[in-house]
Amino acid sequence: MENKRQIGILTGGGDCPGINAVIRAVTKKAILEYGMEVIGIEDGYEGLIHNRHRKLHYDDVSGILTLGGTILGTSKTANPYRYAIKKGDKLEFEDCSNTAIANVRKLGIDCLVCIGGDGTLNIAHSLFKDGIPVVGVPKTIDNDLIGTDITFGFDSAVFIATEGIDRVHDTAQALHRAMIVEVMGHNAGWIALHAGVAGGGDIVLIPEIPYDVDIIAEKVKERSRRGRRASIVVVSEGAKPKGGDIVIQRTVKESTDPIRLGGVGFVVGAQIEKATGIETRTVVMGHLQRGGTPTPFDRVLATRLGTKAVDMIAKEEFGYMVAVSGSALAKVALEDVAKGSRTVPLDEPLIKAARSVDTCFGD
Ligand code: F6P
């Protein structure tokens, strides 16, 4: 009897809405169309190192399309090439890639589907170079992956952030305040830009355009002089002042990307209040943006990406990430994805459109 082909599937990095929709798409298509078997690796590369996995049957992925999070669990720290081990108070790093690779081979996995952002896909690329057939699926609310026009999870995060901004409008109007809404996005301003435009933010601060507090304060005062006694400021967590620095919330030493941003909203809020005399409050959307059911757009995108990944496996097109190019799906070499992150270009048409409706970027 011919051996069935086996796919391994893992989710790495932060969770985001739509991961389960990808797991469902990959598993259903692999089983139904190609008669493959699917093994779910638990907690990302952690499960690969410690051999934690379970077989995924059709019924395991039925009914998960609308679920947030990931049924497989994930890890933001496990990197087989630099695995953090606590020794007393000290943290040491070991190369466990041989163990991870041996586990993939022992399981008889013909291709590993790695769903993740730049950190996860970088590791996937290293595994590929070490002889493991892999296919990547782009996931991040930040929308900052090179090689794809959009990642799933982004639309859901923008939806939630926009809802937050909408709600803050009400209280800002009622109490004639300035309200700051800090959103995620890491070093890219995509979430702030899109949610800021969708939510009608008066001022939008993104990492790509360093801000000047005096300009922001003047905008708030000018609005107030025109009788607009409420102002909404949407701040990306990675925003920084001209000549200044980002605000770091914590450092996670064992992580591949140790810096966790957060808190700039409070800094900007205090500065606005001081400069304008207008009472100001700050709301941090934080992890709310990563939770809950994916939007219909993300469910569709996740299904398209997941099913395309299986077709690539069937054709033995390994070492690539499934990508979106315009309205079509494409494939991009993982080595190109690993080259950095995709921030908002200064000539991004949405910045221009926002400026034409009187949105201030603090510059
Ligand atoms: O990359 C996704 C993201 O949510 C970023 O927007 C944010 O900076 C970071 O992860 C938060 O990380 P953590 O979940 O470790 O707090």
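Before moving on, here are some points about what is shown:
- Test result for Gly185, small (Gly, Ala, Ser), closer than 21 Å to Gly262 by Cα and not in a helix (DSSP H, G or I): yes
- Sub-6 Å Cβ pairs linking a first residue in region 269-298 that is among the hydroxyl-bearing types (Ser, Thr, Tyr) to a second residue that is open to solvent by less than 70 Å² (accessible area, probe 1.4 Å) and away from the ligand (no atom under 16 Å from the Cβ), at least 6 apart or interchain, are Thr276/Ala217; Thr276/Val220; Thr280/Ala178; Thr280/Gly269; Thr280/Ile272; Thr282/Ile180; Thr282/Gly269; Thr293/Thr66, ordered by first then second residue.
- One residue from Gly63, Gly73 being in a loop (DSSP other than H, G, I, E, B) and without any contact (Cβ under 8 Å) to a residue 24 or more places away in the chain: Gly63
- Residue match in region 52-67 (condition: within 16 Å of the ligand (Cβ to nearest atom) and under 25 Å from Thr295 (Cβ atoms)): no
- Filter result (within 16 Å of the ligand (Cβ to nearest atom) and over 13 Å from Val233 (Cα atoms)) within region 154-186: Phe154, Asp155, Ser156, Ala157, Val158, Phe159, Ile160, Met184, Gly185, His186
- Figure legend. Inter-residue proximity from region 125-154: first residues more than 15 Å from Asp336 (Cα to Cα), second residues open to solvent by 30 Å² or more (accessible area, probe 1.4 Å) and modelled with pLDDT of 95 or more, beta-carbon distance below 7 Å, spacing 6+ or different chains. Indicated pairs: Pro133/Asp110; Pro133/Phe318; Ile141/Arg290; Asp142/His186; Asn143/Ile150.
- Region 320-363 - residue that is assigned to a loop (DSSP other than H, G, I, E, B) and open to solvent by less than 10 Å² (accessible area, probe 1.4 Å) and, of those, farthest from Gly136 (Cα to Cα): Gly362
- Check on Ile39, in a strand (DSSP E or B), open to solvent by less than 60 Å² (accessible area, probe 1.4 Å), in contact with a Gly (Cβ under 6 Å, 6 or more places away or on another chain) and touching a residue at least 24 places away in the same chain (Cβ under 8 Å): yes
- Selection within region 257-293: residues that are more than 27 Å from Leu67 (Cβ to Cβ) and of a type in the set (Lys, Arg). The member of this set that is least open to solvent (accessible area, probe 1.4 Å) is Arg281.
- The single condition among (1) touching a helix residue (DSSP H, G or I) at 6+ places or on another chain (Cβ under 8 Å); (2) buried (at least 21 other Cβ atoms within 10 Å of the Cβ); (3) not acidic (Asp, Glu) that Tyr81 does not meet is (2).
- Number of positions in region 76-124 that are away from the ligand (no atom under 16 Å from the Cβ), among the charged types (D, E, K, R) and either out of contact with any strand residue (DSSP E or B) (no Cβ under 7 Å at 6 or more places or on another chain) or assigned to a strand (DSSP E or B) (or both): 9
- Boolean, Glu208 is more than 15 Å from the chain's Cα centre (by Cα), surrounded by fewer than 24 Cβ atoms within 10 Å (Cβ to Cβ), assigned to a loop (DSSP other than H, G, I, E, B) and of a type outside the set (A, V, I, L, M, F, W, C): yes
- In the set (1) of a type in the set (Asp, Glu); (2) touching a residue at least 60 places away in the same chain (Cβ under 8 Å); (3) open to solvent by less than 40 Å² (accessible area, probe 1.4 Å); (4) within 16 Å of the ligand (Cβ to nearest atom), Glu254 fails one condition alone, (3).
The values are calculated or read from the model by the stated rules, or taken from the named source; none is laboratory data. Being a predicted model, the structure only gives us computed values, none of them experimental. We place every Cβ from the backbone using ideal geometry, glycine too, and count neighbours over all the protein chains shown. The area values use the complete protein model at the heavy-atom level, side chains included, leaving out ligands, DNA and RNA. Shrake-Rupley method; radii C 1.70, N 1.55, O 1.52, S 1.80 Å.
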